[in-house]
Amino acid sequence: MMYFQVAAGLVILLVCGELLVRGSVALAEQMGISKLVIGFTIVAFGTSAPELVVCIQAALDGAPGIAIGNVVGSNIANVLLVLGVPALIYPIVCDNRSALRDSVVMVAGSVLFMVLAWNGMIDLWKGAILLGVLIAVILRSYFRARKEGDEGAEEALEEYEQNMPKSIWISLLFILFGLAGLILGSRLLVDGAVTIATIAGVSDEIIGLTLVALGTSLPELATSIIAAVRRHGDVAIGNVLGSNLFNITGIIGVTAMIEPLSAPTQILHFDLWIMLFVSLLMVPIFLSKKPIGRILGGVFCVAYVAYIATQFYGMSGIYTASL
């Protein structure tokens with residue numbers, strides 16, 4: 001039953017998250033809001049809605065390990081798996097000049113998150129700082145795109161515009177069903193994950209770092225695979241960089257402002273460093289201006305499998321047992 005809960009929760013989250021984004025994009029366009037604004041706000045926030053509601057639900061249920069583990073594990077999966085798998089299909093080429101800049105911003109956000117979490121508690125004021133950083137980055141990116149022009153916003157909307165509701169009422173219905181489904185899906189996923197952790201005798205954070213994080217990273221994986229097939233490497237990379245920054249600033253920020261989060265010791269001393277390391281990998285890759293080819297993609301995938309193995313059999317498990 002617990003595995004059914006997790007599977008059902010993930011499916012509901014993915015489907016209803018899609019409904020929420022499509023309904024919100026359609027409503028915004030029907031109200032005459034520009035595509036640039038929609039791309040930088042509604043799509044960015046809507047695509048991360050599943051992770052957000054899961055983190056809030058986990059925090060309210062007294063399972064901060066799942067909340068923080070979901071974010072840290074998702075960021076690791078986004079780099080190693082979400083970029084690794086598409087690169088096996090077709091080399092990911094990114095000629096976008098903003099990729100290097102965005103990767104540096106992502107690394108800076110990761111360092112800030114680590115500093116704020118280092119005493120083991122992320123409370124309201126720290127959450128406000130993280131959320132404030134995200135808002136500042138979004139505003140800066142928006143005004144730059146408005147001044148210099150940016151095709152990214154239109155590319156981000158292409159998929160959603162193909163099957164958008166045409167009526168305002170249907171758009172509102174999409175939004176309502178999406179919100180209700182996100183609440184239900186997050187409840188099923190968190191309850192099932194906690195039960196699995198209890199029966200398997202592992203910590204909440206390990207389940208959050210692996211099962212929950214991998215599940216909530218599936219939309220990013222699907223988007224990146226489609227982008228790679230269409231030879232839109234900049235979309236795949238932008239998807240990862242944007243998602244990672246939003247995870248550690250927006251999702252943790254909002255969650256901490258609702259319910260303070262205690263950071264598990266294992267995550268502080270092991271997984272956060274892995275997250276920072278894989279984030280740093282992006283900088284030299286973009287500096288070299290070389291594509292992420294099949295060999296590097298294969299290395300990324302193997303590294304992710306090795307990381308998952310350490311959660312149950314390797315370094316992190318030994319570290320937890322020694323506490």
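Brief remarks on what is shown
- Restricting attention to region 209-234, the residues being open to solvent by less than 40 Å² (accessible area, probe 1.4 Å) and part of a helix (DSSP H, G or I) number 12.
- Among the residues of region 261-276, not a single one is buried (at least 20 other Cβ atoms within 10 Å of the Cβ), touching a Lys or Arg at 6+ places or on another chain (Cβ under 7 Å) and not β-branched (Val, Ile, Thr).
- Condition check for Ala117: open to solvent by less than 50 Å² (accessible area, probe 1.4 Å), of a type in the set (Gly, Ala, Ser), within 23 Å of Asp234 (Cα to Cα) and in contact with a Leu (Cβ under 7 Å, 6 or more places away or on another chain): no
- Considering (1) open to solvent by 50 Å² or more (accessible area, probe 1.4 Å); (2) more than 18 Å from the chain's Cα centre (by Cα), the lone condition that Leu280 does not fulfil carries the number (2).
- Within region 249-260, the set of residues being open to solvent by less than 10 Å² (accessible area, probe 1.4 Å) and either in a loop (DSSP other than H, G, I, E, B) or touching a Ser or Thr at 6+ places or on another chain (Cβ under 6 Å) (or both) is empty.
- Some residue of region 274-289 being of a type in the set (Phe, Trp, Tyr) and without any contact (Cβ under 8 Å) to a residue 60 or more places away in the chain: yes
- Meets criteria (open to solvent by 10 Å² or more (accessible area, probe 1.4 Å) and at pLDDT 85 or above) for Phe246: yes
- All positions within region 301-313 that are within 22 Å of Pro91 (Cβ to Cβ) and surrounded by 22 or more Cβ atoms within 10 Å (Cβ to Cβ): none
The values are calculated or read from the model by the stated rules, or taken from the named source; none is laboratory data. Remember, it's a predicted structure, so these values are computed and weren't measured experimentally. Note: ideal-geometry Cβ built from the backbone for every residue, glycine included; neighbour counts use all protein chains shown. Accessible surface is based on the protein model in full, side chains and every heavy atom, while ligands, DNA and RNA are left aside. Shrake-Rupley method; radii C 1.70, N 1.55, O 1.52, S 1.80 Å.
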